[in-house]
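Below: one structure, written as structure tokens.
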Amino acid sequence: MNLHQFPGSFGLPNASPFCMRVETFCRIAGIDYEVVDQPDPRSAPKKKLPVIDDGGKIVPDSGFIVDYLSKKHGVDLDEKLTPEQKALAHALTRMLCEHYYWVIVYYRFKHEPTWGVVREGFKNMMPAVIGGLVLKMVRKQTIKQCEQAGVGRHSEPEVAKIAEADIDSLAACLGDKQFFFGAEPTSFDATAFAFLANTLWGPGDPPIRGAAAKHQNLVAYTKRMRDKYFADMEAGKTS
């Protein structure tokens, strides 16, 4: 199975939490895969990454990929969860993927100090001659999408408040547990780790990093997941 995703960057396996979600799920579930670096998502079925090619079976979207791989390999990381826990995992996944994601986007593309770091990192993936123009276009389009999603319409203090509420909710749900729903990882842990790693170890020093770092349980959890499933993760070596 080939996992098509953005190249690793900023010391992370992937700066896209959605790509990192799928790779983390595969590692938790013990599913073999080969990474195919694909800097440009425009040729992907939905013009987004990740996408898997499983012997000719093309599946886009991280959520659909996780569902497909679970069924194909007979892996159910959530089999021990109660219906109530499954509902909570679903709600938390939606919070991260449909809401908090745009907070990350806001800081990476609209927050000037962080954008400066992001721009330099992305330059390495772009053609030398037209890379600057491409990045300028990508930034403009991404900010527009962020505004359409709603988060991009707010001021920086308002976005920081929104982010803190999401992060505080995660910390409260994790509590003192090893993983979010007990002593064993579930499919939600793949999602949570991807977003928390991108928050704590992503580019620049946006306010969301401080908001997450103040929760020692989230910091310890993220390091625990890294050590268990991404021992070679560059960012973790300095965290």
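The values are calculated or read from the model by the stated rules, or taken from the named source; none is laboratory data. Treat the numbers as computed from the prediction; the structure is a model and nothing was measured. FYI the Cβ positions are ideal-geometry reconstructions off the backbone, even for glycines, and counts take in every protein chain you see. The area values use the complete protein model at the heavy-atom level, side chains included, leaving out ligands, DNA and RNA. Shrake-Rupley method; radii C 1.70, N 1.55, O 1.52, S 1.80 Å.
When restricted to Cα atoms, region 25-149 yields an Rg and a Dmax of 17.7, 55 Å, respectively. With 0.36 nm allotted per residue and the present C-alpha distance subtracted, the residue 94-residue 148 stretch has 17.7 nm of extension available. Taking 0.36 nm per residue of separation and subtracting the current Cα-Cα distance, fully stretching the chain between residue 177 and residue 84 would add 31.8 nm. Cα-based values for region 59-130, radius of gyration first and Dmax second, are 18.1, 55 Å. Using heavy atoms of the protein chains and a probe of 1.4 Å, the accessible area assigned to residue 209 is about 50 Å². Electrostatic tally near residue 89: other residues with Cβ closer than 11 Å to its Cβ, Lys and Arg +1, Asp and Glu -1, net -1. In the frame of its principal axes, region 130-239 has Cα extents of 46, 31, 24 Å, reported largest first. When you restrict to C-alpha pairs under 8 Å that are six or more residues apart and normalise by the size of the chain, the relative contact order lands at 25 percent. Relative to the current alpha-carbon distance between residue 36 and residue 155, full extension at 0.36 nm per residue lengthens the span by 39.1 nm.
At a probe radius of 1.4 angstrom, the accessible area of the chain per residue rounds to 49 square angstrom. Working note: Debye formula, equal point scatterers on the alpha-carbon atoms of region 1-83, no solvent; log10 I(q)/I(0) at q = 0.11, 0.17, 0.18 Å⁻¹ is -0.28, -0.65, -0.72.
On the accessible surface of the chain, probed at 1.4 Å, how many percent belong to carbon and sulfur atoms? So the carbon and sulfur contribution to the accessible surface is 53 percent. Simple spin-label estimate for residue 141 and residue 232 gives 3.1 nm between the two label positions (7 Å along the Cα-to-Cβ direction from each Cα).
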